[in-house]
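Beneath this line is the structure, given in structure tokens, with notes to follow.
Any read-out appearing in this document is the output of simple, stated calculations on the displayed coordinates, not a laboratory observation. Since the structure is predicted, the reported quantities are computational estimates derived from the model, not experimental observations. Ideal geometry is used to build each Cβ from the backbone, glycine not excepted, and the neighbour counts take in all protein chains shown.
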């Protein structure tokens, strides 16, 4: 949107980076990207998932259960 309006992107900021530093935005030369917090996301194969072994159902992150 910024570029479509003739602007130049100077940087991108976001609160949490769960990508392990792999998140890259097309900011352009000299642009910066900054995350307030970096969190290492842990993933498991289904057979090794501790929650699956306990039969705890998965929920959507941030979900409040509204229907």
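Over segment 3-53, calculate the relative contact order: mean separation of alpha carbon pairs under 8 Å at least 6 apart, over the residue count, as a percent. Please list the in-between numbers first.
On the way: 55 pairs, mean separation 19.0, N = 51.
Answer for segment 3-53 is 37 percent.
Be a star and scan segment 8-24 for residues whose amide nitrogen sits under 15 Å from the point 7 Å along the Cα-to-Cβ vector of residue 38.
The answer is 14-24.
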